[in-house]
Amino acid sequence: MGFPDGFLWGASTSSYQVEGGNDNSAFVDWERRRRWQPCGTAADSWNRWREDLACLKELGANTYRFSVEWSRVQPTPMEFDESALERYAEMARAFKEAGIRPIICLHHFSEPAWLFERWPRGWMESGPADAFIQFADRVIRACRNDVSDWISFNEPMVWLLNAYALGHFPPGFHKIVTLERTFVQGGLIEHVLRAHREVHRMVHADIKGARVGIAQNVVDLEPARQGAADLEALGRWDHFMHRHMLDLANSAQTLDFIGLNYYTRIYVAKAWIPFFPLGVVPAYAELKQIVGELGMKLLGGRVGNRVRTDMDWEIVPEGLGRVALSLSKRYQLPILVTENGLADTSGNGREAFLKSHLSSLQSAIDDGAHVTGYLHWSLLDNFEWGSYRPRFGLYRVDRTNGFKRTKSSGADYFKKVIKNGAVP
């Protein structure tokens, strides 16, 4: 059996990671202070988006998810750049005319530098939500003739965790010990959901037949050990990171579909050290990098033994099908895979990755999951929040040779899948 008729095939990118040439994002100063490799010109997609369109056409894609850069559209609190809005509208129109369905994401981690000058506590205050709603309104009105599918926030829990608990993204708060209090009682989640609800309202008021969703990062969770303690810890982490925000948005009837970003699995253990958030040790690769293998064992965490990507993420294809089926059953909404991919500098692993993950997704559909599409992350090699080392692209980008786009080893395989509507 193949994938359903009308299945959406394509790829995703995010504005800050591929566009380049933008000095207004809060990440610009953040990169200097953190001594990250600067984003700089990225893949120069702001100027070369027609080359990106050519890549999509070469693949035979019928869908492209991209984001609109808030700091480019609104470089100062009182200024909207009409030429930037016109460029995004032109892009959406060109994709649509080429038979490629544009999906716009309004928030993909990057925010204007002025946001934190006005509101130093960021989204812990109500002001950023109000400002974001104004920005979203301008984008919706600019692109409404050509875009019917919208994503309000990409991986909101990952973004909030990095920005307000781990100090990894601006504004850089370290509140991991008070995670639940900061996120729930402190208003972070509610402010984001209020902005999402307004996006949903504005889109439906302006665009007939539109759909609005949230792209949620969901990992395949397993208990570190079989037993009540780790199973309970897994449930707490699953609720907090995966379901809490979706449950609230769904109960308010402001989700038309769920975007699923899936990359890996983690083992979850009960924390025996009091300061761990929610009493949980989630064995993410990033935690292992901080505490090391020995530290992970001392904490009671468990690390899987599968092959890993260049991000040190375990490759677990069957997890994609499990997660998609679980979300579909819980929410009874269409599931669109908005990100799935691997960092692969060697260029040798993408075909096998695609085959195994798409086979898992096909099995989930056969078992009743309502999955409407698959968008690979990423169309292009991009800036991966501090480094250009990870290579996620279906197309390599030679930043030393005019930003030339060339197919990676998995691109032809993906093209074959799209053409046949089935996994060879």
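When the test is whether a residue is assigned to a helix (DSSP H, G or I), over 19 Å from Gly319 (Cα atoms) and touching a strand residue (DSSP E or B) at 6+ places or on another chain (Cβ under 6 Å), His204 does not pass it. Count, please, the residues in the range 192-206 that happen to be surrounded by fewer than 20 Cβ atoms within 10 Å (Cβ to Cβ) and either of a type in the set (D, E, K, R) or over 14 Å from Phe257 (Cα atoms) (or both). Qualifying residue count for the region: 6.
Residues of the range 144-157 that are in contact (Cβ under 8 Å) with a residue 60 or more places away in the chain and not hydroxyl-bearing (Ser, Thr, Tyr): Arg144, Val147, Asp149, Trp150, Ile151, Phe153, Asn154, Glu155, Pro156, Met157.
Somewhere in the range 361-369, is a residue at pLDDT 95 or above and either within 17 Å of the chain's Cα centre (by Cα) or among the hydroxyl-bearing types (Ser, Thr, Tyr) (or both)? Scanning the range 361-369 turns up at least one residue that is at pLDDT 95 or above and either within 17 Å of the chain's Cα centre (by Cα) or among the hydroxyl-bearing types (Ser, Thr, Tyr) (or both).
Return yes or no: is Ile258 in a helix (DSSP H, G or I) and either at pLDDT 75 or above or among the hydrophobic types (A, V, I, L, M, F, W, C) (or both)? The answer is no for Ile258.
Could you tell me whether Ile176 is more than 28 Å from Ile335 (Cα to Cα) and not in a helix (DSSP H, G or I)? Taking the combined requirement at face value, the residue satisfies it.
Among the residues of this structure, Arg50 does not count as one that is touching a residue at least 60 places away in the same chain (Cβ under 8 Å) and either charged (D, E, K, R) or touching a Gly at 6+ places or on another chain (Cβ under 9 Å) (or both).
Look at Arg72 and say whether it is charged (D, E, K, R) and surrounded by fewer than 21 Cβ atoms within 10 Å (Cβ to Cβ). No. Applying a threshold of 9 Å to beta carbon distances and a minimum spacing of six or more residues, or different chains, the list of pairs starting in the range 19-33 at a residue that is within 18 Å of Asn47 (Cα to Cα) and ending at one that is crowded, with 20+ Cβ neighbours inside 10 Å and among the aliphatic types (A, V, I, L, M) reads Glu19/Ala42; Glu19/Ala43; Gly20/Ala42; Gly20/Ala43; Gly21/Ala42; Asn22/Ala42.
If only residues of the range 101-123 that are surrounded by fewer than 21 Cβ atoms within 10 Å (Cβ to Cβ) and of a type in the set (A, V, I, L, M, F, W, C) are counted, the one that is farthest from Val18 (Cα to Cα) is Trp119. For the range 237-282, filtered to residues that are of a type in the set (Gly, Ala, Ser) and closer than 16 Å to Val218 by Cβ, the residue that is surrounded by the fewest Cβ atoms within 10 Å (Cβ to Cβ) is Ala249.
The number of residues in the range 411-421 being surrounded by 16 or more Cβ atoms within 10 Å (Cβ to Cβ) and either within 19 Å of Glu51 (Cα to Cα) or modelled with pLDDT under 95 (or both) comes to 3. Here is the figure for the range 130-150: residues that are in contact with a helix residue (DSSP H, G or I) (Cβ under 9 Å, 6 or more places away or on another chain) and not in a helix (DSSP H, G or I) total 6.
The values are calculated or read from the model by the stated rules, or taken from the named source; none is laboratory data. Just so you know, these numbers come straight off a predicted model, no measurement behind them. With ideal geometry, Cβ positions are generated from the backbone for all residues, glycine too; neighbour counts draw on all protein chains shown.
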